[in-house]
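A.B. asks: Before I ask anything, here is the structure I am working with.
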Amino acid sequence: NTGKKAFSGKLTSQDQPANDESASDEMDSSLWKGFGEAFQWFYDSFLSIVRNVTAASVTVLYLRKGDCLELKTAESETEGSYAPAAVHEGSLIDYVIQANGIVREGTLPPGSVLSGVDDVEIRSFVGVPLIIENKIAGVLAAGSQAQDNFSEEDEDLLSRCGQVICQVMSVYHRAWRREIQETLLKTIVEMEQALKPAEDESQAFNIFIKFLRRLFVFDRCVL
């Protein structure tokens with residue numbers, strides 16, 4: 001992991017993106033799908049970079065959901081697709097939670113895997129807790145099929161990457177809440193306009209259901 005230098009130069013005028021508002025508006029309307037998908041893209045891309053830099057076989061991000069941590073996204077050399085999975089007690093990720101600090105293991109027993117990533121056996125591991133407001137909000141972890149793959153430099157790198165993710169998460173939650181508020185306000189205003197010509201309760205209720213489905217997923221609604 002040596003010999004890597006951070007870019008510290010400045011953009012030249014040729015590097016600057018064109019200031020084309022019409023193109024920007026067109027891109028926003030055609031590609032923007034909300035902060036949820038935007039930050040999912042960030043997490044996926046970020047994990048891919050971390051895996052390449054650390055020469056890991058797999059990198060995983062776990063985030064808190066309720067009272068436990070759950071696999072948010074994973075990047076592995078097998079290019080597998082991983083569904084959300086809860087961190088089980090006694091796992092390597094649970095070890096990071098209990099230690100409340102960085103954990104590095106150089107010689108793991110055969111058959112060791114990370115929670116939710118069963119197709120990649122690892123023999124070495126490093127994990128860092130993501131701490132926001134003195135609470136563990138998640139864990140950033142990397143595993144390798146080779147023993148003693150991770151060094152103190154990798155610990156420092158993952159720790160710094162964890163700090164970046166924590167900052168991004170804070171921004172994301174503020175932006176996400178704002179997005180929800182704007183969606184609610186827009187929906188309420190449009191619903192009020194749609195309800196004005198309603199002639200009876202049945203028609204009004206059907207209009208109400210139409211707009212409610214924009215906000216919630218449900219099977220039935222009863223008045």
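A.B. asks: Ignoring ligands, DNA and RNA, please state the percent of accessible area on segment 144-192 from carbon and sulfur, probe 1.4 Å. Could the numbers behind the result be given before it?
C.D. replies: Working: 1660 of 3260 Å².
Result for segment 144-192: 51 percent of the exposed heavy-atom area is carbon or sulfur.
A.B. asks: Roughly how many Å² is the accessible area per residue of segment 77-223, as a whole number, for a 1.4 Å probe?
C.D. replies: Values: 9460 Å² over 147 residues.
Accessible area per residue: 64 Å².
A.B. asks: Take the Cα coordinates of segment 161-223, assign each an equal point scatterer, and use the Debye formula without solvent to give log10 I(q)/I(0) at q = 0.22 Å⁻¹.
C.D. replies: -0.91
A.B. asks: Show me 44-50, 194-200 ranked by packing, highest mean number of other Cβ atoms within 10 Å first. Spell out each step's value before the answer.
C.D. replies: Working: 44-50: 16.6, 194-200: 10.3.
Top to bottom by mean Cβ count within 10 Å: 44-50, 194-200.
A.B. asks: Also: What do you get when you divide the Cα radius of gyration of segment 61-183 by 2.2 N^0.38 Å, with N the number of residues?
C.D. replies: Numbers: Rg = 15.0 Å, N = 123, 2.2 N^0.38 = 13.7 Å.
Scaled against compact globular proteins, the figure is 1.09.
The values are calculated or read from the model by the stated rules, or taken from the named source; none is laboratory data. This is a predicted model, so every value here is computed, not measured. As a convention, Cβ positions derive from the backbone with ideal geometry for all residues, glycine included, and neighbour counts pool all protein chains shown. Accessible surface is based on the protein model in full, side chains and every heavy atom, while ligands, DNA and RNA are left aside. Shrake-Rupley method; radii C 1.70, N 1.55, O 1.52, S 1.80 Å.
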